[in-house]
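J.: Before anything else, here's the structure in question.
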Amino acid sequence: MVITMKALKQIVNTDRSYLLELYTAEYGWYMLPCWHAIDNRCACPKGADCTAKAKHPRLYSGQTGASNDHNQILEWHTQFPTCNWGVVHDKSNMVAVDNDPRNGGNETVWDLEKKYGPLPPTKTQLTGGGGWHKLYTLSAKCRRIVSTLGPGIDVKHHGYSIIAPSNHTSGGSYRWDMEAPSYLVEAPEYLYARPQNTSTTFSQLRVIPAGERDNTLTSVAGSLRGHGCGAVEILTSLTAINEARCTPELPKADLARIANSVQRYPSNVKPKIQWGRLSEVPVETVKWLWPCRIPFGMLTVFEGDPGLGKSMVTMDLVARVTSGSPMPFSDVVPVAPMNAMIVNCEDGMSNTVRPRLEAMGGDCARVVYAKTKVTPIAFPENLGELEAAIVENEVKLLVIDPWTAFLGQGINMNNDASLREILTPLSAIAERTSCAIILVRHLNKDTKQNSMYRGSGSIATTAAARCGIAIIKDPEDDTARLIAAVKNNLAKPQPTSRFVLTEGAWPTIDWTGEVETTADQAYAGGANVEKPTVYAAKYISHNINETYSCVKITAEVDTGPHVFYGYCSSPAGLKRVHFALKALGCNKPKLDWQNGIFELNGLGDREAKATLNWNAKHENFEIGYFYEVGK
Ligand SMILES: [Zn+2]
């Protein structure tokens, strides 16, 4: 039987089981059952008098009750088989651009596209009457989002969108745009709010009449000189003021004369660069928060794949610092407990960070965090306030997790020079305050790289940090993690250490000892492999907080059986891996769901690569990373 486009449209907009599985298992969305429409009334008890017809939550807890747990969704689906469904934006890490053509939305889009080019194509919902919702993912979660892009175009981030399968009181229903991509793309830069600009513009200043031009500009130049400006800077400023405010403009030669004349006066500001003799530098030994691993007064980078417990390890360190306990594998008992600061974006303070820290024996009274929610922290904009808080609270350990979530306006994480605008002053803050600063970051997906290059974004972070630590899954034991040195400028790299998470509602870290595996070997899949073949490095999941289930793949190639490991985020992910491998010519992928094991026959190296890439490219789902562990 051939499925027609019409039939397909019907399925992807009305098949409730299919859609709900797609939303939760595939996208990881937080779903909210809502009241639906019956004719032009709301199905709720208020009926025709309802003021939010077919748009308000069915749950007493309202929007906060939304869930991304598939079993919970199925339960609601059984309970409310005809209900409308909403997707909660902020929890699902998305933003919705809402076009209402009745209020001039199409004109606003037209203007926007003239300015910025076409809106990036992404998963789009048609709301009827020519309106649409475009859904975008957010990479920098803590940045502020604009609320509108102009008349008729709202940008929604704190609410929820009603989506298919749902109806509205006009008699129509919500539908996915089949012409649009089936996945969400990154939000364009203009959806993020710009920092407030408080400087006065020239247009607000008065005009300088002919008789006052020379004196006024000389006075401005003198003041700029007093602030340490040189002739070029002064001339540039005078030119701008001359153009904006002088009527008529002063000749250019006069501007140069003024700039040069004030240049003779000494500046009140010390020159930026001061030179000295090395013999004047006091000799200092490095002081360590964690001996030979984390120095005071410097940056340390902590990296690892999502879900491996980077945050758990940093919390363990915070707990030790604040309770005055020695660091793992160290006999050095600190003189006294110290204060720590957490700048965190992914975990809630009340429901995650505090209970976790308390379970680990930390002293929460010694932990400082930023209460601000409305204006998220961004660097370099807030570095001054950060340093003030470190000094005021005598913070000796600062954890920024993940640090790329706090990049400010215009900072490009893939550009060395751009990142150094933050890293250089941040290193200086660490040095001035003697605070140990840990930058947590996720790994990039390039498993072929040397461990030094695995952190996401530019190498500048690794370069600026004096020490680097990676958290890697133990290739010998799925339940264990390794913590390995990837960089150490100050001391001999310490041996790789091993830890497991304890059982219980709030697991703690059990440091079990040291192993011989290096970071590069652990990334590659084990110490016993000399030069491992790494195939692909991507995830199926969009939800980085999920625990990954493991797939073990055995492939028969010329030289004998090879074993591959991969990680998938959900049973749906496992299924897709299975389909993918079958499609590439692996004739009998035997699978054992119980243990998550696939056995593959007739699979060559080249084809494996081709298929994994094929999937990532064309279906926009990403496969867990696969690597060979032995021959
Ligand atoms: Zn209602």
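J.: Within the range 259-280, count every residue that is closer than 25 Å to A465 by Cβ and either of a type in the set (D, E, K, R) or modelled with pLDDT of 80 or more (or both).
T.: Of the residues in the range 259-280, 2 are closer than 25 Å to A465 by Cβ and either of a type in the set (D, E, K, R) or modelled with pLDDT of 80 or more (or both).
J.: Another question about this same structure. Does the range 327-346 contain at least one residue that is touching a helix residue (DSSP H, G or I) at 6+ places or on another chain (Cβ under 9 Å) and over 25 Å from I429 (Cα atoms)?
T.: yes
J.: Within the range 47-62, count every residue that is assigned to a helix (DSSP H, G or I) and among the small types (G, A, S).
T.: Of the residues in the range 47-62, 3 are assigned to a helix (DSSP H, G or I) and among the small types (G, A, S).
J.: Search the range 93-146 for residues being of a type in the set (A, V, I, L, M) and more than 17 Å from G159 (Cα to Cα), and hand back the single one that is modelled with the lowest pLDDT.
T.: The qualifying residue modelled with the lowest pLDDT is A140.
J.: In the range 166-194, how many residues are within 21 Å of the chain's Cα centre (by Cα) and assigned to a strand (DSSP E or B)?
T.: Matching residues across the range 166-194 total 3.
J.: Checking S67 against (1) within 15 Å of the ligand (Cβ to nearest atom); (2) buried (at least 16 other Cβ atoms within 10 Å of the Cβ); (3) closer than 21 Å to D15 by Cα: exactly one of these is not met. Which one?
T.: Every listed condition holds for S67 apart from (1).
J.: While we're looking at this one, here's another question. Output yes when any residue across the range 50-59 is more than 16 Å from the ligand (Cβ to nearest atom) and out of contact with any Leu (no Cβ under 6 Å at 6 or more places or on another chain), and no when none is.
T.: Checking the range 50-59: not a single residue is more than 16 Å from the ligand (Cβ to nearest atom) and out of contact with any Leu (no Cβ under 6 Å at 6 or more places or on another chain).
J.: Mind listing whichever residues of the range 495-514 are out of contact with any Gly (no Cβ under 9 Å at 6 or more places or on another chain) and buried (at least 19 other Cβ atoms within 10 Å of the Cβ)?
T.: T496
J.: Another question, if that's okay. Kindly establish whether P282 is farther than 24 Å from L423 by Cα and touching a Leu at 6+ places or on another chain (Cβ under 9 Å).
T.: Criteria not met by P282.
J.: Within the range 24-46, track down each residue that is in a strand (DSSP E or B) and more than 8 Å from the ligand (Cβ to nearest atom).
T.: Correct list: M31, L32, P33, C34, A37, I38, R41.
J.: Testing G86 on (1) within 16 Å of the ligand (Cβ to nearest atom); (2) more than 27 Å from Y192 (Cβ to Cβ), one condition comes back false. Which one is that?
T.: (2)
J.: Turning to a different aspect of this structure: Can we say A187 is surrounded by fewer than 18 Cβ atoms within 10 Å (Cβ to Cβ) and among the aliphatic types (A, V, I, L, M)?
T.: So A187 fails the test.
The values are calculated or read from the model by the stated rules, or taken from the named source; none is laboratory data. In this text, all values refer to a predicted model and were calculated from it rather than measured experimentally. Don't worry about glycine lacking a Cβ; one is built from the backbone with ideal geometry, like all the others, and counts go over all protein chains shown.
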